[in-house]
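Notes follow the structure.
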Amino acid sequence: MTRRCRFPGIRLVSAPLLRGRMDYSRFLSTNAKTRKPSWITQLRSYLANPSSDILWLAGGHPDASLFPFKETTITLKNGQEIHLNQDLMATSLQYGPIEGHTPLLKYLADLTQKLHSPPRWSETRQLVTVGGQDGMAKAFVMLTDPGDYVVVPEPCYAGIFSELTSLNPHYLPVEEDEEGMRSDLLRSALARWKSEIGETHSEKRLKFMYTNPSGSNPSGTNMSEKRRREIYALACEYDFLILEDDAYYFLQFQDDFPPSFLSLDTEGRVLRFDSFSKTVSAGLRVGYVTGPEFLVEKISQHIMATVMGGSSLSQVLVTELFHMWGLEGFLRHVKEVRDMYRRRRDAALSAAEKHLTGLCEWRKPGGGMFLWLKVPKVKDTQAMLLERGTKKSILLVPGNGFTTRPELPCQYMRASYSTVLPEEMDKAFQILAEVIRDEIQLNNEVK
């Protein structure tokens, strides 16, 4: 059962039955098991709510009064202004708490509870990351040992493979349809894994599933509520975690959003990754992870050892935006963003119908920024796009990079409509049609 939120397009899960606390140590990689927090960096937690008379003699904080920046005013597109006075600028330019700027974390907690109402909120922790990708990469290191098994959708967001593949997991790819990852194929893959590997090689664990459930990159699919519930049930049955990468959450083009995996998480199996890159600014690099306290703490320890926290200036700017707009103002803004991308999606579909009918196959994207195109009469799109398409001043992404076997031929390609005007998309698909026809003719000549 779900209940409707007072914000249009959001649905929340009602009062589920909770299970006992989980032992997460069995999911950790050797790296994470041996990683310890930086004892010096931990002292920065005292800065989260410092007393006014504290004499700070710990840590190597530079004197902010010596920085060349004093204050600034930023004008928003609607004419409103965000002013960082001298004190706030000093905070923005200094090291901050590892978990993130304290006022921003308060806004993120309120936003998360309003949108997702996590069933295990009292055991949940949030952490600001350098964009959503930073949190995911650190989660991969935290969970993956060589030989571990990981479930991924097919096709899958290409950006995860650089970090994840370097950790040498075994992939269990599961095909998508118009409702997202197919739960029937997932069950078959899990049953096959259990009979062939899981029962005989206990050291080769199935650790987690990666999913990009809303406006999926590259397919544009919105996973249905039914699929989410079926997949979550399989995670409980086969005992694996779910890494929910929801960077396109606010770019779902339907009126009612299905409940997130986080909102369904009665057992504490979900690590959720959010980002402001698609709605506020990609360059500010502000994302955040939400999940079980034990796992988020391990990611925090990795942050201590690497970037030592996100940009304080970026976090202060996002905080001041929330302070000016409030949660309702932020949600009005993301609705405007969603409506704009919906119009660009519609223009891309119109151009595809006009120029690519009979040459390509596609499904109407339910969200996101991309159109996932299949070219049935071309065996592999890579050479067509990168060698011959670029000569005609058009560039799309070949589909093989979105698979677990990029060395194999792939008939798919990804077109982005996020920054292209309707007339530009029409021209682009007209050229693309010419490139495809030339490729088909070239292949026929080779035969």
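Apart from one condition, residue 340 fits all of (1) without any contact (Cβ under 8 Å) to a residue 40 or more places away in the chain; (2) among the hydrophobic types (A, V, I, L, M, F, W, C); (3) closer than 23 Å to residue 441 by Cα; the exception is (3).
One residue alone among 94, 86 is farther than 25 Å from residue 329 by Cα and touching an Asp or Glu at 6+ places or on another chain (Cβ under 7 Å), and that residue is 86. Residues of the range 368-400 being part of a helix (DSSP H, G or I) and either more than 22 Å from the chain's Cα centre (by Cα) or surrounded by fewer than 17 Cβ atoms within 10 Å (Cβ to Cβ) (or both), which ones? Once the filter is applied, which keeps residues that are part of a helix (DSSP H, G or I) and either more than 22 Å from the chain's Cα centre (by Cα) or surrounded by fewer than 17 Cβ atoms within 10 Å (Cβ to Cβ) (or both), the range 368-400 yields 381, 382, 383, 384, 385, 386, 387, 388, 389, 390, 391, 392. Remark: residue 267 matches the filter, which requires a residue to be in a loop (DSSP other than H, G, I, E, B), modelled with pLDDT of 95 or more, out of contact with any Pro (no Cβ under 8 Å at 6 or more places or on another chain) and surrounded by fewer than 23 Cβ atoms within 10 Å (Cβ to Cβ).
Taking the stated definitions as given, is residue 162 surrounded by fewer than 17 Cβ atoms within 10 Å (Cβ to Cβ), among the hydroxyl-bearing types (Ser, Thr, Tyr) and closer than 22 Å to residue 396 by Cβ?
Details: surrounded by fewer than 17 Cβ atoms within 10 Å (Cβ to Cβ): yes; among the hydroxyl-bearing types (Ser, Thr, Tyr): yes; closer than 22 Å to residue 396 by Cβ: yes.
The answer is yes for residue 162.
Scanning the range 227-248 for residues that are in a helix (DSSP H, G or I) and touching an Asp or Glu at 6+ places or on another chain (Cβ under 7 Å) yields 227, 236.
Every condition in (1) buried (at least 23 other Cβ atoms within 10 Å of the Cβ); (2) closer than 30 Å to residue 25 by Cα; (3) of a type outside the set (Ser, Thr, Tyr) holds for residue 218 except the one numbered (2). What about residue 284, is it in contact (Cβ under 8 Å) with a residue 12 or more places away in the chain, crowded, with 18+ Cβ neighbours inside 10 Å, part of a loop (DSSP other than H, G, I, E, B) and within 16 Å of the chain's Cα centre (by Cα)? For residue 284, the condition - in contact (Cβ under 8 Å) with a residue 12 or more places away in the chain, crowded, with 18+ Cβ neighbours inside 10 Å, part of a loop (DSSP other than H, G, I, E, B) and within 16 Å of the chain's Cα centre (by Cα) - is met. Against the criterion of being in contact (Cβ under 8 Å) with a residue 24 or more places away in the chain and surrounded by fewer than 23 Cβ atoms within 10 Å (Cβ to Cβ), residue 225 qualifies.
For the range 249-264, filtering for residues that are in a loop (DSSP other than H, G, I, E, B), touching a helix residue (DSSP H, G or I) at 6+ places or on another chain (Cβ under 6 Å) and among the aromatic types (Phe, Trp, Tyr) leaves 1.
The values are calculated or read from the model by the stated rules, or taken from the named source; none is laboratory data. None of these values were measured; they are calculated from a predicted model. Using ideal geometry, Cβ is built from the backbone for each residue, glycine included, and neighbour counts are taken over all protein chains shown.
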